[in-house]
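Remarks on the structure that follows.
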Amino acid sequence: MTKVIKEHQLNRMVVAACTPITHEPLFRETMIDAGLNKYLFEMANIRNQDSWVHMKEPEKATEKAKDLVRMAVARASLLKPLMEKPLTVIQRAVVIGGGVAGLNAALNLGDQGFETIVLEKDDQLGGNARNIHHTIEGLEVAAYLDGLIERVKSHDKIQVLTGALVVGYQGYKGNFTTEVLVGPGMYERKIDHGVTVVATGAHEYQPKEFLYGQHHRIMTQLELGHFLHDQAAEAAQWGRVAMIQCVGSRNEENPNCSRICCQGAVKYALQLKKINPETEVLILYRDMRTYGLMEDYYMEARNQGVLFARFDPERLPEVMNDNGALSITFIDHVLERPVTLPLDAVILSAGAWANDTEELASLLKLPRNASGFFIEAHAKLRPVDFASEGIFLCGMAHSPKLISESIAQAQAAASRAGAFLADTNQTISGVTAHVDPERCAACLVCVRTCPYGVPQINQENVSEINVALCQGCGTCASECPAKVIQVSHFEDDQLSAKIKTLF
Amino acid sequence: MRLQYPPTVRIIEVPCTGKVDIIHLLQAFEYGADGVIVVGCMEGDCHYQKGNLYAKTRVKRAKEILDKVGLGGERVAMFNLSSGMGGRFAEIIKEMTNKILELGPSPVRGAAAKAKATGAAGEVTA
Amino acid sequence: MIKAKPKPLEEIIDNVKDFNKLLIAGCDGCVTVCEAGGLKEVKILAAALRLYFTQAGKQVQVDEASLTRQCEKEYLAQLSDRMDGYDAAVSLACGVGAQYLAEMYNHKIVFPGVDTCFMGVNEERGLYSERCQACGRCILAETGGICPIARCSKRMLNGPCGGSDKGKCEINPDIPCAWELIYERLKTLGQLDRFERPVEPKDWSTSRDGGPRKIVREDLRI
Ligand SMILES: Cc1cc2nc3c(=O)[nH]c(=O)nc-3n(C[C@H](O)[C@H](O)[C@H](O)COP(=O)(O)OP(=O)(O)OC[C@H]3O[C@@H](n4cnc5c(N)ncnc54)[C@H](O)[C@@H]3O)c2cc1C
Ligand code: SF4
Ligand code: SF4
Ligand code: SF4
Ligand code: SF4
Ligand code: SF4
């Protein structure tokens, strides 16, 4: 390609192939090698948007491919070279949240040689893993956690601030400033850093259903875990235990599956069986989601006689407390008939609910879903990045996941963050908004609509957009009543040309 | 996933539906589009926080305008999808194409135009 | 600033449907700030009208322009070499601008494209409320900085009418009673004694009651 560009003295390049998401960066490199500005490049995605999705209609697909190429050419002819300003990257990381995920991310970053500061709002590290005694495989969590905390605390590159509350957050990728209030004295500290890892985790839902809180033997999974740890002898006396799945998950308030509770139920059922093989364990489920190799434990539980009965969310089991005597009524899915059984304990497999990060999300301007979990930039292509560059995500802050999964994701986030810090030749994307000050009415619409608070009315009484902060979303450009904002690389005429060429 | 959908749709990518200008929506109809759909992230899941909510208000206004000028507001619509909903995307294209086939070609393109339904969609590629 | 809102599209269509060459003229002033008549609105209206005419099978030229301020001759003059090419214009400026455009291009029909509403503030985006009625002799100094002429439904000058209910105006429960606001403000300022001194009967001749008004500033003229 470089050769062709030079030979024919080309000044734009259009590639008709596959998706720009994965391939544009490569072709842009080629542009640079050929001495052209990398923004003078356009791709027509005739694979994902055409050949793949119109396999059975080759003629129409060919017509479409021609259109897609025509559109790309039309836009390419109007593309402008853009200059990217060099970016300085402060060589320091901040990790928000000191659970297993945050600690692993910090340790990884510290081991890479980057100064890292862990901000934990609690007065101790560890997060939710403190409530788990062993994993389904039988690994001791407390021992692991103590070791992890020790390694983090003694690491010469890592600093831990507990009782740390994030109260301010400014700047842009490579150049963030986080304001924290630390400790009981609430002394203020400002940290300049280049990347942020968000690992704020989740907690067990406090059930409102199934008489929770009204009887000491109606408990959640985590409570059962502690009980089995501390009072195993008493648990050995239990004749029958029922576990109810999906409590606080897959309902209107929290539509997601919490993923971990099915394996949790199997784990504790096996533990109960181990303490006393005679204890009858009944698991009332909607769908058993013991994904991956955990299926083996599910089989094991069945082999050991754990009973599994499916219930319909429209016809929930009913827990009854008759003067301290517990029982449960559920519709047996085979008999299609209500069955009532006396019980010694009811275990509610309460879901994982995101920790309260409303304020943090608004300070960092990060997207969360309706249940409060943070949203990655792209599920497949950028799974631990946020759309805003320089901020990364791991652990249960993203979605409910096992300790092993949290650790894996923390490593991924730390390696992405480390790669970002290590890349000291970065530039600021050219895809940013620009105001034509001549006709700006200083109406404040852009100031009020930008989700990142970037535009400001300057000394000259016109709007000014700091390209380092601008994320290039284009909201301001489409809202400006004077039509004086353009987003470079997505300018109005560049988009119009694509539409026009179709007709 | 390579789910099949009608080959009558042409996609125009923008960084975020926040960039989808109502002027471009109307312009597509001026040039002769039979229908336009805007495909954004799920509400509350916008990678840029609120872009899709602004896009929604613009699509709503475009609908009103199309109704009043006699083209019919049904020709423009907004859908919110997540990146894992390729199946739904294909369905939407099918539904929208069928709806537009029912409505017939845009009167703007008139008799001279090719008898095909063409939609331009803003897709979030972020 | 002046606050306006876009006119219903059907009304504009009804006005212009029999013309063949149209100019949509916006204003970069107040109406841009209240998002009723800037270049964006011009483009939207022009596109809508073009769509209307095309689907109705008519070939009509609809052009777009936006001027710095339509209430100034010099800016209006920027249209002088184009104006002959049109049969009519739709002005997206306030009533002031629309009239001045018509005055300047006497032989052209000018339609208003916005409904001009009042002088007021942007409380937030898309929410505007009235503050001043341009009475010609401002009494804000006497009323705790809150205008009873613009904000009291009955333009009471000396205290409330007696109908205010829980701080809301009896004419429209959506608006606060201006006199309640004045009272609260004077209390904050420690000036409740102002109520002891009645506001003098107002000379309404400087307001619209005296007929159309004019300002002649000899100090600015040579
Ligand atoms: C009910 C339940 C049962 C589970 N069962 C199992 C199991 O059986 N097996 C298994 O492997 N895994 C299980 N898990 C998952 C496991 O707990 C996690 O994967 C693991 O602990 C990693 O969590 P984390 O570090 O992402 O978050 P957390 O452990 O929640 O840590 C997050 C930390 O961030 C802190 N924080 C939150 N907000 C802020 C803020 N704004 N500023 C500063 N700090 C903040 C919190 O105080 C907390 O210390 C379970 C989880 C739940 C909820
Ligand atoms: S929205 Fe447009 S006109 Fe208004 S202040 Fe911003 S740039 Fe200026
Ligand atoms: S494009 Fe505009 S709205 Fe989006 S981040 Fe940049 S300044 Fe803000
Ligand atoms: S014409 Fe009207 S809207 Fe335009 S600047 Fe003058 S007063 Fe404001
Ligand atoms: S007293 Fe007159 S000039 Fe002053 S704010 Fe009220 S209406 Fe306007
Ligand atoms: S209630 Fe208050 S604002 Fe309304 S008319 Fe009476 S005095 Fe005026």
Seminar exercise, completed: Mean projected area, convex hull of alpha-carbon positions in segment A:204-351, reported to one decimal in nm², is 8.4
Exercise. Cα-based Rg (one decimal) and Dmax (whole number) for chain C, in Å?
Worked result: 21.7, 70
Problem set entry | Over segment A:204-351, relative contact order from alpha-carbon pairs under 8 Å, at least 6 apart, % | 35
Exercise. Helix hunt in chain A: which complete DSSP H runs extend at least 24 Å axially by C-alpha with mean Kyte-Doolittle at least 0.5?
Worked result: A:403-422
Exercise. Where in segment A:117-213 are there GluC sites (Glu not before Pro) that are in a DSSP coil and have at most 14 other Cβ atoms within 10 angstrom of their Cβ?
Worked result: A:Glu137, A:Glu209
Problem set entry | chain A: proportion of alpha-carbon pairs further apart than 32 angstrom, % | 56
For this session: With a 1.4 Å probe and every protein chain left in place, work out the accessible area per residue of segment A:204-351 in Å², rounded to a whole number.
Result: 48
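Calculate the translational D of segment C:136-207 in whole µm² s⁻¹ from Stokes-Einstein, where the hydrodynamic radius comes from the Kirkwood formula applied to all Cα pairs, the temperature is 25 °C and the viscosity 0.890 mPa s.
Rounded, D is 197 µm²/s.
Mind listing which trypsin sites (Lys or Arg not before Pro) in segment A:51-86 are in a DSSP loop and have 16 or fewer other Cβ atoms within 10 Å? Kindly include the intermediate steps, with their values, before the conclusion.
Details: sites: A:Lys56, A:Lys60, A:Lys64, A:Lys66, A:Arg70, A:Arg75; in loops: A:Lys56.
Those satisfying the criteria are A:Lys56.
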Exercise. Can you give the accessible area of C:Asp115 in Å² (nearest 10), computed on protein heavy atoms with a 1.4 Å probe?
Worked result: 50
For this session: Using only the alpha carbons of segment A:195-236, determine the length spanned along each of the three principal axes and report them from longest to shortest in whole angstroms.
Result: 50, 25, 9
Exercise. If you project the alpha carbons of segment B:9-125 onto the principal axes, what extent comes out on each, in Å, largest first?
Worked result: 42, 28, 18
For this session: Compute the long axis of helix C:39-55 from its Cα atoms, compare it with the longest principal axis of the Cα atoms of chain C, and write down the angle in degrees, 0 to 90, nearest 10.
Result: 50
Exercise. Label 7 Å along Cα→Cβ of A:Asp423; segment A:369-390 residues with amide nitrogen under 16 Å?
Worked result: A:377-378, A:381-390
For this session: Using only Cα atoms, locate the centre of segment A:108-140 and the centre of segment C:1-52, then give the distance between them in Å, rounded to an integer.
Result: 60
For this session: Report, ordered by chain and residue number, the aspartates and glutamates lying within cross-link reach of A:Lys498, taken as a straight Cα distance under 12 Å and ignoring same-chain residues fewer than 8 apart.
Result: A:Glu42, A:Asp67, B:Glu13
Exercise. Size of the dipole of segment C:1-125 about the Cα centre, Lys and Arg at +1 and Asp and Glu at -1 on the beta carbon, nothing else charged, in debye to 20?
Worked result: 180
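My understanding is that a pair violates if its Cα-Cα distance is over 26 Å; which of A:Lys56/B:Lys94; A:Lys380/A:Lys401; A:Lys380/B:Lys60 do that in this structure? Spell out each step's value before the answer.
Numbers: A:Lys56/B:Lys94 15 Å; A:Lys380/A:Lys401 17 Å; A:Lys380/B:Lys60 32 Å.
Going by Cα-Cα distance, A:Lys380/B:Lys60 fall outside the 26 Å limit.
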Seminar exercise, completed: Cα extents of segment C:2-118 per principal axis, largest first, Å, are 37, 28, 18
Exercise. What do you get when you divide the Cα radius of gyration of segment A:2-84 by 2.2 N^0.38 Å, with N the number of residues?
Worked result: 1.17
Exercise. How about B:Lys63: which aspartates and glutamates have a C-alpha closer than 17 Å to its C-alpha, ignoring those fewer than 8 places off in the same chain?
Worked result: B:Asp21, B:Glu30, B:Asp34, B:Glu74, C:Glu10, C:Glu41
Seminar exercise, completed: Expressed in square angstrom to the nearest 10, the accessible area of C:Met156 with a 1.4 Å probe stands at 60
Exercise. Toward the positive end of the charge dipole of segment C:136-207, about the Cα centre and with charges on Cβ (Lys, Arg +1; Asp, Glu -1), which of C:Cys177, C:Leu189, C:Gly145 goes farthest?
Worked result: C:Gly145
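Which percent of the accessible area of segment C:125-181 is formed by carbon and sulfur heavy atoms (probe 1.4 angstrom)? Spell out each step's value before the answer.
Details: 1680 of 3150 Å².
Carbon plus sulfur share of accessible area: 53 percent.
For the protein assembly as shown, report the % of Cα-Cα distances exceeding 54 Å. Present the calculation step by step, with values, prior to reporting the outcome.
Numbers: 105830 of 361675 pairs.
Of all Cα-Cα pairs in the protein assembly as shown, 29 percent lie more than 54 Å apart.
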For this session: Would you check the accessible area of A:Leu145, probe 1.4 Å, heavy atoms only, in square angstrom rounded to 10?
Result: 10
Problem set entry | Set of lysines near C:Lys214 by C-alpha distance (under 23 Å), chain-local residues within fewer than 8 positions excluded | C:Lys3, C:Lys73, C:Lys202
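Give me Rg/Rg_expected for segment A:432-487, where Rg uses Cα atoms only and Rg_expected = 2.2 N^0.38 Å with N residues.
On the way: Rg = 9.5 Å, N = 56, 2.2 N^0.38 = 10.2 Å.
Normalised Cα radius of gyration, segment A:432-487: 0.94.
In whole percent, what relative contact order does chain B give with Cα contacts below 8 Å and a gap of six or more residues?
Working: 211 pairs, mean separation 59.4, N = 126.
Over chain B, the number comes to 47 percent.
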Seminar exercise, completed: With label points set 7 Å from each Cα along the Cα-to-Cβ direction at A:Glu358 and C:Asn20, the distance between them in nm comes to 6.3
For this session: Go through segment C:22-99 and name the trypsin sites (Lys or Arg not before Pro) that are in a DSSP coil and have 13 or fewer other Cβ atoms within 10 Å of their Cβ.
Result: C:Lys58
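The values are calculated or read from the model by the stated rules, or taken from the named source; none is laboratory data. Keep in mind it's a predicted model, so treat the numbers as computed, not measured. Note that we place each Cβ from the backbone using ideal geometry, even for glycine, and neighbour counts take in every protein chain shown. The accessibility values were calculated without ligands, DNA or RNA, using every heavy atom of the protein model including side chains. Shrake-Rupley method; radii C 1.70, N 1.55, O 1.52, S 1.80 Å.
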